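Right, one structure below, let's go through it.
The values are calculated or read from the model by the stated rules, or taken from the named source; none is laboratory data. None of the values given here were measured: they were computed from a predicted structure. Cβ placement follows ideal geometry from the backbone for every residue including glycine, while neighbour counts extend to all protein chains displayed.
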Amino acid sequence: MQPFTYVRAGSMDEALHELSQAGSAVLAGGTTMVDLMRGGLAWPQRLVDIGHLPGLSDIDASGSTLRFGALVRMADAAEHPVLKRDYPALVESLQQAASQQLRNAATLGGNILQRTRCPYFRDGVSACNKRVPGSGCSALDGEDREMALFGTSDACIATYPGDWGTALAAFDTSVELRSAAGSRVVPFAQFHTAYGDDPAVETVLRPGEMVTAITVKATPAGRKSTYLKVRDRQSYAYAVVSAAVALEMDGDTVASARVSLGGVASRPWRSADAEAALVGRKLSEKVALEAGEAAFAGAAPRRQNAFKVALGRRVVARATLHAAAR
């Protein structure tokens, strides 16, 4: 680990001032940043601790928009009574993401910023354009079982690992950002960037900017929602394939649908094709399977991860039927 300066910010203004200094990074729950620093994957010169700042640890679920402060702990959000009643997909994505110990520490804001678990990124020695831009991508000719089917480029084929982010993608979600220069709101669908030629740039965060809140537009589709995750082992592991589905039903007919995919893309992946395959149709196992087919129609499998296509189709279908049954 490289030497760094630790700053415990006494106020939001102080935190934003410190973050405006070159080489600064945010420290909140620490479950992502400390992990990256220990692995030699992040080298901040200055860590600005915001973990105790007031006003960033609240959940407001009383109005037309759910608002999650960036410092809300995963465990606290998963136990919120309104979320458990009205947004089971959000709760399930948090419950399945990590152990209770990690959920007690990890924050919602930090969670959407977690970086890929690609072994070529994490090993510190392989060619990796995320870690060392321009060095190449060892995964292109290497082990690709865990790699993405969507949103890849010639520079990177790594997957986004988050469960919470996958669930958020199924709703009308925005991210509130703040820096010493001011505040802005970014739709969650635009928060994570496409890989393109520089996959080291993963979000639209600007230097000196931090996440202050995540907002979700309230919707009746939340009640008929679910997050289904398939992983290599039953204990806490990253998704091989996952799906978040939220529905509004008119009797047996799907009035609206929201479908997002995890474990298979470079970023949280909303599937408009799966949604179109459901809306206006009387839901049945056949229709649910057709939605799964539509969700993976544009997949680009590689040598070892083609199994994700067939598996993903079934995951979407099963999640759709489960959501409708709630």
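Test A89 against the stated conditions and say whether it is part of a loop (DSSP other than H, G, I, E, B), touching a Phe, Trp or Tyr at 6+ places or on another chain (Cβ under 7 Å) and either outside the structural domain of S266 (by TED's automatic domain parsing) or not acidic (D, E) (or both).
Working: part of a loop (DSSP other than H, G, I, E, B): no; touching a Phe, Trp or Tyr at 6+ places or on another chain (Cβ under 7 Å): yes; either outside the structural domain of S266 (by TED's automatic domain parsing) or not acidic (D, E) (or both): yes.
The answer is no for A89.
So in the range 256-270, with the set limited to residues that are of a type in the set (G, A, S) and crowded, with 22+ Cβ neighbours inside 10 Å, which one is nearest to T219 (Cα to Cα)?
A257
Which one of L56, L94, L66 is assigned to a loop (DSSP other than H, G, I, E, B), buried (at least 17 other Cβ atoms within 10 Å of the Cβ) and touching a residue at least 60 places away in the same chain (Cβ under 8 Å)?
Going through L56, L94, L66 in turn, the sole match is L56.
Please specify each residue of the range 264-282 satisfying the condition of being closer than 30 Å to D144 by Cα and in contact with a Leu (Cβ under 9 Å, 6 or more places away or on another chain).
Selection gives V264, A265, P268, W269, R270, S271, A274.
Does A158 fit the bill of being hydrophobic (A, V, I, L, M, F, W, C), buried (at least 22 other Cβ atoms within 10 Å of the Cβ), part of a loop (DSSP other than H, G, I, E, B) and not assigned by TED's automatic domain parsing to the domain that holds G312?
Judged against the criteria, A158 is a match.
Here's a check for you: in the range 240-255, which residue that is farther than 15 Å from V316 by Cα, of a type outside the set (V, I, T) and out of contact with any Pro (no Cβ under 9 Å at 6 or more places or on another chain) is surrounded by the fewest Cβ atoms within 10 Å (Cβ to Cβ)?
G251
Whether any residue in the range 206-216 is of a type in the set (S, T, Y) and in contact with a Lys or Arg (Cβ under 8 Å, 6 or more places away or on another chain) is what I want to check. Can you show your working first?
Filtering the range 206-216 for residues of a type in the set (S, T, Y) gives 212, 215.
Retained after the next criterion (residues that are in contact with a Lys or Arg (Cβ under 8 Å, 6 or more places away or on another chain)): 212, 215.
For the range 206-216, residues of a type in the set (S, T, Y) and in contact with a Lys or Arg (Cβ under 8 Å, 6 or more places away or on another chain): present.
Looking at D35, D76 in this structure, which one is acidic (D, E), in a helix (DSSP H, G or I) and closer than 27 Å to H322 by Cβ? Break it down into steps so the answer makes sense when it comes.
Values: D35 fails: closer than 27 Å to H322 by Cβ.
Exactly one of D35, D76 is acidic (D, E), in a helix (DSSP H, G or I) and closer than 27 Å to H322 by Cβ, namely D76.
In the range 271-288, which residues are crowded, with 17+ Cβ neighbours inside 10 Å and within 15 Å of A244 (Cα to Cα)?
Across the range 271-288, the qualifying residues are S271, A274, E275, L278, A288.
For the range 97-137, what are the residues that are surrounded by fewer than 19 Cβ atoms within 10 Å (Cβ to Cβ), among the small types (G, A, S) and farther than 20 Å from V240 by Cα?
Selection gives A105, G124, S126, A127, G134, S135, G136.
How many residues, within the range 161-181, are assigned to a strand (DSSP E or B) and either free of Cβ contacts under 8 Å to residues at least 24 places away in the same chain or in contact with a Leu (Cβ under 8 Å, 6 or more places away or on another chain) (or both)? Walk me through how you get there before you give the answer.
Initial filter on the range 161-181 (assigned to a strand (DSSP E or B)): 173-179.
From the residues that got through so far, the ones that are either free of Cβ contacts under 8 Å to residues at least 24 places away in the same chain or in contact with a Leu (Cβ under 8 Å, 6 or more places away or on another chain) (or both) too are 177-179.
Total satisfying the criteria: 3.
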